[in-house]
Structure formats: C-alpha cells, structure tokens
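Asker: Dumping the structure here so I can ask a few things about it.
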Amino acid sequence: MIQPIKHVLWATDFSAESKEALAYADFFAKTYKAKLTALHVVPDFAPALYEAWPEAEALLLGQIEANKAKAKAQLERMCETEHVCPTKIAVAEGPAAKVILQTAKKEGADLIVIGRKGRTGGEQNLIGGVANRILRGSRVPVLVTKGTTAKPEAIKKILVPTDFTAAEDIERDHAWRLAKTLGASLMFLYVLELFGHDFRLTDEMFAVVLKKLQARKKREHKAVEIGEDVVKAVHGWEGIVDYARSKDYELIVMSTTVKRLSRFFLGSTTEKVIAHSNVPVYAIPRER
C-alpha cells in the first residue's frame, strides 16, 4: 500500500542545484503538511589515506569536524537565508549516497528530494554519481529536480509515460494520488520507438487503462482530469523529454530500475529522462 507523504528528506551539498531541490522539498512538505529534514553529508577521507599518512590523522579528523560544524551552522540559518524552516537538521559523515539512504530509512522519510548533479556532476555525466546511486537504492520515491533556479508555485500538469504492463499499476497509483493532492491533471503517454506499430492495438490498451481510472474517479468522487497520447520517437526517452518540454509539463512520474527485463521502460530510460529533461522527475523505487 502506498503511504502518504508525511516526512520529506532534502539532501544538500550546498550547490545551486540542491538549493532548487530545497524549493521543491519545501513545496511538497507544505502541500502534504509533512515534516522536512535537511541533511548534509561531509565526505570522509579514504582509510588508505589514514594508513599512508598516520601522523596527519588528527589533522584530517579535525578538518571533518570543522566542515560538519560549518554545515550545521549554514543549515541552522536556513530560516533566515532561504525562508525555509526544516523540522530537523542533520549533519553526518561518510559516503553521501549511503548515508542519505540510511538516514531516509532511520527517519522514516516518505520522499527524498535531491538535485540532479550537485557539485560533483560534470557535463559528461548528466546525473551525478550520488543521485544515480540513490535512484538505484532507494525504497521510497525520489524527486530529482531539473537544475534550474525555478521555484514551484504549483504543479498542475503531470506526465506519466506508460507501457501498459500490470506492474505499472503502482506508478499510476502514485500519479493519481499526487494529482488528487496537487489538483493536477494526468497525461498518460505512450512512445512508439518503432514505426509500423498497430495504432488500433495501442487504442485498445489505452481503453483498458482509462476504464480503470474512470472507475476510480467515480469510486473516490474526485475529479482528476486524465488524458492519453501516443507519439513516435527514435528513442523512448527522447519522446518523453520532448513531449514534456513542448507541452509545459511540471512533473514526470515514472519508475526506476525494475526486475522484469520485458518491460519497455527500464531504469536506463528513467535515468536518461532525468539527465536530459528540464522537468523534475518523481522516480518510484524499483520492485523488490
């Protein structure tokens, strides 16, 4: 069962991208009346460095503690500097992705919000290594922001790439619940990677999905506007990115790595969408 968002974890390295991620974390926390935890992870030095330079161990440990104190002071000033007041702030040390995932589990976070690259991401790697590992390891949804300075005032248009598999029900459920809370519309998009596809078959698959959603709308007495569209593209991720950009969507909802190799949208597709899209992606964790 999908749990409501009661606790948002925002992880920051104080980069410009993590600052934008904060705006989305604050938006979701306020929308859902959820707790907001702000986390900064100070990287530890490699054990090999301590072994190779034992006389400098005290100096290196002192530097870590100084960095932690500086980060804590910066987070404590957020109410004043960013006009965002977290429920809790945390500063830890170690491998960033590992610590973020451990903190999310320990604190009972329902949503992790991060920037796409942070300080360590280069143009040759459009998704930072930390974000990539979080996407692959998280057991809760991860919202990856797009890397601009925009601040969300509202999210009214949600795009949901679809491949019509039964396993995709969890994605549709997440998207539906988001749309209900945010007052947004849903667009289900199917991307044809190969030409010559039978559009009649696509129409039949859409009819099954929409029938379920219409029944849910009637059952829950909630007017969520839903639609469907089919586009052609050389690659699935390109079709998703272009559609979201050209139609001014404000959020993309899709899953990360999955077990079933037969699925059309594998984790690599989600990662490419995150890497190239100018729209935030709400990534749902892989099947366990």
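We did not get these values from a lab; they are worked out from the coordinates using the rules stated. Every value quoted in this text rests on a predicted model; they were computed, and no experiment measured them. Reconstructed Cβ throughout: ideal geometry from the backbone, glycine too, with neighbour counts over all protein chains shown.
Asker: Pop out the ³J(HN,Hα) list for segment 245-255 in order, Karplus 6.51 cos²θ - 1.76 cosθ + 1.60 with θ = phi - 60°, rounded to Hz; leave Gly and Pro as x.
Answerer: Along segment 245-255, the couplings run 5, 6, 9, 6, 6, 9, 7, 10, 10, 7, 8 Hz.
Asker: Separate question: Return the long-range amide H neighbours of Ile89 (sequence gap of 5 or more, or a different chain), with a cut-off of under 5 Å between placed amide H atoms.
Answerer: Ala38
Asker: Between Asp173 and Ser268, what is the label-point separation in nm under the 7 Å Cα-to-beta-carbon projection?
Answerer: It works out to 2.9 nm between the two label points.
Asker: Too long at a 24 Å Cα-Cα cut-off: which of Lys68/Lys88; Lys106/Lys157; Lys106/Lys151; Lys157/Lys211; Lys105/Lys156?
Answerer: As for pairs spanning more than 24 Å Cα to Cα, those are Lys106/Lys157; Lys106/Lys151; Lys105/Lys156.
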